[in-house]
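Notes follow once the structure below has been shown.
The values are calculated or read from the model by the stated rules, or taken from the named source; none is laboratory data. Quantities reported herein were computed from a predicted structural model and do not represent experimental measurements. Reconstructed Cβ throughout: ideal geometry from the backbone, glycine too, with neighbour counts over all protein chains shown. Each accessible area value is taken on the protein alone, full model and side chains, heavy atoms only, with ligands, DNA and RNA left out. Shrake-Rupley method; radii C 1.70, N 1.55, O 1.52, S 1.80 Å.
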Amino acid sequence: MTNLSVDATAQVGQPLPGAPNNWKRFFSFSTDHKVIGIQYLVTSFFFFLVGGVFAMIIRGELITPEADLLDRTVYNAMFTMHGTVMLFLWTFPSLVGLSNYLVPLMIGAKDMAFPRLNAAAFWMVPVFGVILMASFLVPGGPSQSGWWAYPPVSLQNPTGNFINGQVLWILAVAISGVSSIMGAINFVTTIVRMRAPGMTWFRMPAFVWTVFAAQIIQLFGLPALTAGAVMLLLDITVGTSFFDPAKGGDPVLFQHLFWFYSHPAVYVIILPIFGIFSEIFPVYARKPLFGYKVVAVSSLIITGLSGIVWVHHMFASGTPGWMRMVFMATTMLISVPTGIKVFAWVATIWGGKLRLTTPMLFALGGLTMFVFAGVTGIMLASAPFDIHVNNTYFVVGHFHYVIYGAVVMGMYAAFYHWFPKMTGRMYSEGLGKLHFALTLLGTNLNFLPMHPLGLQGMPRRVASYDPEFAFWNVVASIGAFLLGMSTLPFILNMIGSWVQGEKADKNPWRAIGLEWLVSSPPTPENFEELPIVVAEPYGYGKSEPLVANADKLEVAHESR
Amino acid sequence: MQGSTVSTDANYTEANAPVVEAAHHEEHPDLRVWGLLTFLASESLMFGGFFAAYLFLRGIATQWPPEGTEVELLVPAINTVILVSSSFVIHLGDSAIKKDDVAGLRKWYILTAIMGTIFLAGQIYEYKTLGYGLASNIFANCFYLMTGFHGLHVFVGLLLILGVLWRSRRPNHYSATKHTGVEMAEIYWHFVDIIWIVLFSLIYILTRF
């Protein structure tokens, strides 16, 4: 039997992960989607810490009204690098990593459709991470034009060097784009073509739906950003004038190209988080996901709407009135599919038998923060209000509630929920709850003060401000340092538990899903025999089996 | 791998097993085509971004194209005819391999490669004789960016075709049942062709009106 299974793997012809079960496989060009998933998660978490250090430097500067801690150019570089690192090196790759780990397991596939492409896409992440960090070493330092890189600011090259911070920034973002497109092709092909027998579209877990919806956005949105970046690069390096109004160009054109991708990119980030919520609430409330089909389809509606809202970032960019009206309406429409999801989660929790474990706490916290961010989002969608608070801390507060409150909390929920599956060990519940308390407190201390500050008119991206804003800035800075501290129990928990945590069995949460039917961690090709799915997901409270061949998924594993 | 499952109550499994096995082996080439189509759908939107930018900049310009940077029509028109016909030629190659005719495949793919090379040579000739460069003015920016980016894709397509020709030297590498690489090169070539038709209409024809 052992021989047979070896032959089978040889027939499949997929390269197995280089080094077998030891830590070295995480440093190899492994093509196992689970190894790649963890590579993504760990790499991106490292950059999350780097971006966090930048954030704390920014908040350190802002703890006093005067610009006293840093030179203003360094401050500009700090907020540019903070935004760029957090988006391109933390949120995107970490969500791709989680999706990489879970999607093949959840749809009953042995790996992604293109394993080598998958590995190549991952290894670009450290490459462009290093390129971006290298911009600290070039004369003039990193880009100072913010993560939007709007011309004309981004076209200035005060040092006159050919290799400058802005050029390296564009290079890093371009490589990130290539890596994302490769990932998107892989995910879409995998989800459409590699589902297990019986895994129909409406038997897919909601998480897979959200990944599918998010990756379609990457496919149609990223080319616009890449086009804009190419034109920007030509403007800086060879003297074209796409964005130079004096020579017939237009800087607003860049804003269109940039936001045509970068607004939908927010949905690339938040959709998988919606998927995580949809997975976690049913498990810890012991109830099926309320309105599963509607929740699943609403992800695709968000994908569709995301392509027609970008101009709401440009209400103050000389946008004509009729255009403001149109994009105000489309932006507000997004709240319909989003609201459907929120109500579905509330209805899932309602009357459930809640188990308040760490992942559930983070999911509940993330959902609450998301609702708050949604309310300020609707406020910002309204053109008259947006013009009032445009470029103030209100906007910063809004998107940090989305990105930290919902996305980072949702990611933490996912880390804890699937930690036993990924490592085969249980995490420490006490440290987890401490981590949750610090994160929730820190998030609100840090980002809530930004709303009154913005309403009072404090502009974003400034190193000094009027002393009347001092109180809320001090509160926000304390919150930021607290958030920095909050990562310590998490790191301790993850490393400590992975090394010497209690052994986890296949399904410690009594969850329903294909990934919970195989051992923790799963073997290199996941399923010895492809599962034959016979039921919809989330069969909590029913006693019907999910697959017809549950006892055969791991035959060879048992006999090895 | 299915052979290792010894079970009694596995009528359902047994019935499905061969299908699964077959699907796995047949599916792989199919998925490559799928991946390519997904990529090209995305890549076409990058041209879409350039086209949109071109129309945007044209919309705000007072004169388009500005004086002194007019386009020439004869060479590009000949080029268009060559590139569009090459799409039919490459399809003959694909039809040949479907009948197991490797010599036919090679003949038509060599002809396609020659036509692609003539197209690129024509484009270089056009660049040399236009009398203005990439940075001359906003129209020149757009002109060279769009045609250059398309030319890059023609070049990549040419490399794919040469790759197919190189591999076809090995006996039995391509056959009526196994020729995904041939198909992918053809799909890519059609993509380059379709983009050119849009590009030609935008730059060479619409500027006349």
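Below is a table of values for the structure above.
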quantity	calculated
Qualifying chymotrypsin sites (Phe, Trp or Tyr not before Pro) in region A:296-396, DSSP loop, other Cβ atoms within 10 Å at most 13	A:Trp350
Value of Rg to Rh for region B:24-111 (Rh from inverse mean 1/r over Cα pairs, i.e. Kirkwood)	1.17
Sequence of A:Val211, A:Val346 from largest to smallest accessible area, 1.4 Å probe	A:Val346, A:Val211
Cβ neighbours within 10 Å from other chains - mean over A:180-186	3
For region B:129-209, accessible area per residue (1.4 Å probe, heavy atoms of protein chains only), Å²	44 Å²
Protein heavy-atom accessible area occluded, A/B pair - total, 1.4 Å probe, Å²	3500 Å²
Taking region A:322-447 and dividing mean pair separation by its residue count, relative contact order in percent (alpha carbons under 8 Å, at least six apart)	33 percent
Rounded to whole Hz, the Karplus (6.51, -1.76, 1.60) HN-Hα couplings of region A:507-524, x for glycine and proline	9, x, 9, 6, 8, 9, x, 4, 5, 8, 8, 10, 5, 10, x, x, 6, x
Cα-projected label distance for B:Val75 with A:Ala470, points at 7 Å along beta-carbon direction, nm	7.0 nm
Carbon and sulfur %, accessible surface of the protein assembly as shown computed with the full protein complex present, 1.4 Å	69 percent
Shielding by partners - mean other protein chain Cβ count within 10 Å, residues of A:221-230	5
All-pairs Cα distance distribution in the protein assembly as shown, expressed in whole percent, bin size 10 Å	3, 13, 21, 25, 20, 13, 6, 1, 0
Probe 1.4 Å, accessible area per residue of chain A, Å²	35 Å²
Rounded to 10°, Cα long-axis angle of helix A:72-84 versus longest principal axis of chain A	30 degrees
Solvent accessible area, Å² - B:Phe56, 1.4 Å probe, full protein context	60 Å²
Rg in Å to one decimal, and Dmax rounded to a whole Å, for region A:390-532 via C-alpha atoms	20.3, 67
Förster-model FRET efficiency, 56 Å R0, A:Leu356 and B:Leu206, C-beta, rounded to 0.05	0.30
Number of partner chain Cβ atoms within 10 Å, mean per residue of A:53-64	0
Computed over region A:33-558: relative contact order in percent, which uses C-alpha pairs under 8 Å that are six or more apart	17 percent
Inter-centroid distance (Cα atoms) of region A:483-516 relative to region A:65-90, Å	33 Å
For A:Thr392, residues with placed amide H under 5 Å, excluding near neighbours	A:Arg460
Whole-number percent relative contact order across chain B, with pairs defined as alpha carbons under 8 Å at least 6 apart	28 percent
Region A:510-546 residues near the modelled A:Lys293 label - backbone nitrogen below 17 Å, point 7 Å along Cα→Cβ	A:535-539
Under 5 Å, built H, 5+ apart or other chain: amide partners of A:Val547	A:Val534
Protein-protein interface of region A:191-220, residues with accessible area decrease of at least 50 Å², isolated chain reference, 1.4 Å probe	A:Arg193
Label-to-label distance, nm, for residues given as A:Val346 and B:Ile110 (7 Å Cα→Cβ offset)	7.3 nm
Protein-protein interface of region A:249-296, residues with accessible area decrease of at least 30 Å², isolated chain reference, 1.4 Å probe	A:Asp250, A:Leu253
Residue with peak Gaussian network fluctuation, chain B [Cα springs, cutoff 10 Å], from B:Tyr109, B:Tyr127, B:Tyr188	B:Tyr127
Globularity index of region B:36-208, i.e. its alpha-carbon radius of gyration over 2.2 N^0.38 Å	1.15
Choice from B:Ile60, B:Ile187, B:Ile118 with maximal GNM fluctuation in chain B (Cα, 10 Å cutoff)	B:Ile60
Which of A:Val266, B:Phe56, A:Gly108, positive extreme of dipole for the protein assembly as shown (C-beta unit charges)	A:Gly108
Cα gyration tensor of region A:448-544 - equivalent ellipsoid semi-axes, whole Å, descending	49, 20, 12
Long-range amide H partners of A:Arg425 with built H, under 5 Å	A:Ala504
Virtual spin-label span in nm between A:Phe27 and B:Glu126, 7 Å along Cα→Cβ	5.3 nm
